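K.L.:
My questions all concern the structure below.
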Amino acid sequence: MGTDIILNNIRKRRFEKNEMTQQELADAAGCTRQTIVALEAGRYTPSLGLAFRIAMIFGMGLEEIFEYGGEA
C-alpha cells in the first residue's frame, strides 16, 4: 500500500473567509502556521481531528475542504 494523497482547497477557503491569514487559521485550528503551509502545499496529511477543526472553522463539511486523491 502506498501513501494516501489528500487534496484540499484550504487556500481558496481562507481567501473566501475575509482573506484569513495562515496564522489566523492556525491559531483557530490549534496548530502551527507551518502546518497550514504544508497542508496547502500538499506536503502534509492532516489528522482526522485537525481536518474536522479546519472544516468547522469554515462552516463546511469535511468533503468541501478535503478530497481523497488516491494512493501515491
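K.L.:
Looking at Leu39, is it surrounded by 12 or more Cβ atoms within 10 Å (Cβ to Cβ), touching a residue at least 12 places away in the same chain (Cβ under 8 Å), part of a helix (DSSP H, G or I) and in contact with a Pro (Cβ under 7 Å, 6 or more places away or on another chain)?
P.N.:
The answer is yes for Leu39.
K.L.:
If a residue has to be of a type outside the set (D, E, K, R), under 9 Å from the mean Cα position of the chain (by Cα) and within 14 Å of Phe58 (Cβ to Cβ) to count, how many in the stretch 1-41 make the cut?
P.N.:
5
K.L.:
Another question, if that's okay. So Glu19 clears everything in (1) on the phi < 0 side of the Ramachandran plot; (2) exposed (fewer than 13 other Cβ atoms within 10 Å of the Cβ) except one condition, right? Which one?
P.N.:
(1)
Values in this text are rule-based calculations from the coordinates and carry no lab data. If you're wondering where the values come from, they're calculated on a predicted model, not measured in any experiment. So basically every Cβ, Gly included, is an ideal-geometry build from the backbone, and we count neighbours across all protein chains shown.
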